[in-house]
1. Mind checking the angle between helix 71-85 and the chain's longest principal axis? C-alpha axes, 0 to 90 degrees, to the nearest 10.
2. Per DSSP helix of 4 or more residues, -39500 (n - 2.57); summed, then divided by the residues of the chain. What does that give at 222 nm, rounded to the nearest 500?
3. Could you give the spread of the C-alpha atoms of the range 1-145 along their three principal axes, from largest to smallest, in whole angstroms?
4. Which order do the peptides 18-30, 86-98, 220-232, 242-254 take when ranked by the mean count of other beta-carbon atoms within 10 Å per residue, highest first?
5. What is the helix-to-structure angle for 44-56, meaning the angle in degrees between its Cα long axis and the longest Cα principal axis of the chain, kept from 0 to 90 and rounded to the nearest 10?
6. Helix 121-136 versus the longest principal axis of the chain: what is the Cα-based angle in degrees, 0 to 90, to the nearest 10?
7. For the range 134-256, what does the alpha-carbon gyration tensor say about shape, rounded, prolate or oblate, given a ≥ b ≥ c as the root eigenvalues, a/c under 1.5 as rounded, and a/b over b/c as prolate?
8. Given Cα positions, please report Rg to Rh for the range 12-247, the hydrodynamic radius being the Kirkwood one.
Ligand SMILES: NC(=O)c1ccc[n+]([C@@H]2O[C@H](COP(=O)([O-])OP(=O)(O)OC[C@H]3O[C@@H](n4cnc5c(N)ncnc54)[C@H](O)[C@@H]3O)[C@@H](O)[C@H]2O)c1
């Protein structure tokens, strides 16, 4: 594959929600740096296509069905990945979903879905993966939160709560797992051009335009913009970084 950097050589990695969008770019980048990548998603056909593309470019990848809302599914996926690719070294919690609406118009059914995918999903995958990493003596976990979790975002109250929850959870997990040489960090995208963003902005073109004007670097993020930060955090270059949160959002937020 293209990168020529091999700092992840032969490391087994799980990326959730990796069939498309940001997760796909992360999976592709980790494979380009030498990792053996499990492209995990509920969209199994699309995940298979992504894994095939990675293999076509010379990387190592398999597609694995993983529904992050189910602890059983996460545990089964971790077991399958270890059987097929070897000891798990890297977990990237990327799967996410949202529905844009004012909080007072939202329903508990929607909250449950948003929480199950965005917050509980991270807990399930960590619960399934961490015991394996402890046994292997090290590990790297990166969760994809959002700038919404740092500064809030109109129409995304419950989603923002989940993403803020991921940040606080990750800092605590980082403290608990430091003795096990497991690093836990968070990457926060800003508005990034994916199906998720296009979906929630479908009938709000003016909001999307205004959003782009408000970004100091004057464009939406591309999925590939996020991949480098994740690759750094899961690499030996970040052995001494844990409990950290970085925004990759064109300067939209400059949180202290
Ligand atoms: N696109 C943005 O503007 C933006 C901004 C901030 C944060 N994020 C976050 O980045 C991450 C990736 O988002 P994206 O924009 O690439 O979205 P996307 O919709 O393009 O991709 C999300 C992927 O997650 C998968 N997924 C959904 N539910 C799942 C489940 N229960 N189990 C396993 N996989 C599941 C989907 O099938 C899809 O492949 C999400 O966590 C999202 O919240 C995105």
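Quick note: the coordinates plus some simple rules give every number you see, no bench work behind them. This is a predicted model, so every value here is computed, not measured. Note that each Cβ is placed from the backbone with ideal geometry, even for glycine, and that neighbours are counted across all protein chains shown.
1. For 71-85 against the chain, the angle is about 40 degrees.
2. Details: 10 runs with 116 residues, N = 256.
So the helix-based figure for the chain works out to -14000 deg cm²/dmol.
3. Principal axes ranked by extent give 50, 31, 23 Å for the Cα atoms.
4. Numbers: 18-30: 27.2, 86-98: 24.2, 220-232: 20.1, 242-254: 17.7.
Those peptides, ordered most packed to least, come out 18-30, 86-98, 220-232, 242-254.
5. Helix 44-56 sits at roughly 60 degrees to that axis.
6. Helix 121-136 sits roughly 20 degrees off the main axis of the chain.
7. Values: a/c = 2.51, a/b = 1.98, b/c = 1.26.
It is prolate, given that a/c is not under 1.5 and a/b is the larger ratio.
8. Working: Rg = 16.9 Å, Rh = 17.7 Å.
Dividing the radius of gyration by the Kirkwood radius yields 0.95.
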